[in-house]
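Undergrad: Mind looking over this structure? Questions follow.
The values are calculated or read from the model by the stated rules, or taken from the named source; none is laboratory data. Bear in mind that the values here come from a model prediction, so they are computed numbers and not experimental data. A quick note on method: Cβ atoms are made from the backbone with ideal geometry, for glycine too, and the neighbour counts reach across all protein chains shown.
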Amino acid sequence: MRQAVANNRSWRSVARALGLKATSAGVIRTVKRHAARLELESTHFTGQRRWSDQQLRDAVAAASCWADVLAALAIVDNGEDRTRVKGHAVRLGLDCTHLKSPPAQADPDQVFDEPVRPEMLRYSAAALAMAWFTLRGCAVALPIEPQEYDLLVTTSRGIQRVQVKSCASRNARGYWHVGIGRRPYVLDKSASKMPYDPESIDLFFIVLGDGSIYVIPSGVLAGRVGISAESYAPYRVGDASSLLRSGASAGADAPRPGSAYVREFLGLRRFEPQGFAFDVYARSDAV
């Protein structure tokens, strides 16, 4: 028992090490009771977390705001994870009164210039989709209960059910491989993904890490759980690359960096992309 508690990081892992049924709540309670009787230390337990209680104590003590705490724990600072960390700190009885939001910059001329974090694209993709459709005069609504679609968009063709997908980076072969499948509604998170029913989705809105935007009818992608975006160039409808670039905005007369299409076009012809200030769109909008 002592060895199992010392070598594992969750009560379920301890139960498995003892040859017990780790999915039984009664077994877990029994294991905890015997550990308490033996006065075994379990503060190193993290469960599914990547950080321990002691790491959280140290991070809270050294930080001046919650952003510092999450950075010290190497956690993506989004609403869900921040709330989880705050709740765990409360359960541990930690003093968090000194954790305040960073003060506003005193210099009004200073430009906000936080670096882009590609891993946050999945959280912002739906907002990009809403803005894209709204700018085109389409009313956008969110479902009040979880549905297979992410947005309801009123278009000239009626109400379209839109599923939003994103891909932050290219794969090892240099392609934008976008997962467009879904997991079945089961408790096992390791279950293989399955395609969306084409009768439940009308459009896929896809945004890539280079800013490329695709709007693809579900009938075109029916039965698929993953695609290479390069194969669907006719459905590329826009570019949000300026939102995905770090740094202050350049002057109006500065050349705009070329998209992946430009870089590929020029690279194949042995040109240097930095010497050009134009872009190529999938449709006949502009060259």
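Undergrad: Output the residues belonging to the stretch 153-209 that are within 20 Å of residue 142 (Cα to Cα), in a strand (DSSP E or B) and of a type in the set (Gly, Ala, Ser).
TA: Answer for the stretch 153-209, where residues must be within 20 Å of residue 142 (Cα to Cα), in a strand (DSSP E or B) and of a type in the set (Gly, Ala, Ser): 158, 166.
Undergrad: So, in the stretch 160-177, of the ones that are among the aliphatic types (A, V, I, L, M) and at pLDDT 95 or above, which residue ends up surrounded by the most Cβ atoms within 10 Å (Cβ to Cβ)? First the steps, then the outcome.
TA: The initial filter retains those residues of the stretch 160-177 that are among the aliphatic types (A, V, I, L, M), namely 162, 164, 168, 172.
Going one step further and asking which of them are at pLDDT 95 or above, we end up with 162, 164.
Details: 162: 24, 164: 19.
The qualifying residue surrounded by the most Cβ atoms within 10 Å (Cβ to Cβ) is 162.
Undergrad: So, residue 282, is that one closer than 26 Å to residue 160 by Cα, modelled with pLDDT under 80, assigned to a loop (DSSP other than H, G, I, E, B) and of a type in the set (A, V, I, L, M) or not?
TA: On the way: closer than 26 Å to residue 160 by Cα: yes; modelled with pLDDT under 80: yes; assigned to a loop (DSSP other than H, G, I, E, B): yes; of a type in the set (A, V, I, L, M): yes.
Here the answer is yes, as residue 282 does meet what is asked.
Undergrad: Output the residue which, of all residues in the stretch 132-146 that are in contact (Cβ under 8 Å) with a residue 12 or more places away in the chain and of a type outside the set (A, V, I, L, M), is surrounded by the fewest Cβ atoms within 10 Å (Cβ to Cβ).
TA: Residue satisfying both the conditions and the ranking: 138.
Undergrad: Do we have residue 203 as farther than 16 Å from residue 232 by Cβ and crowded, with 20+ Cβ neighbours inside 10 Å here? Give the steps one after another, and end with the answer.
TA: Details: farther than 16 Å from residue 232 by Cβ: no; crowded, with 20+ Cβ neighbours inside 10 Å: yes.
In short, no.
Undergrad: Which residues, counting only those in the stretch 15-66, are surrounded by fewer than 13 Cβ atoms within 10 Å (Cβ to Cβ), in contact with a Ser or Thr (Cβ under 7 Å, 6 or more places away or on another chain) and modelled with pLDDT of 80 or more?
TA: Result: 54, single match.
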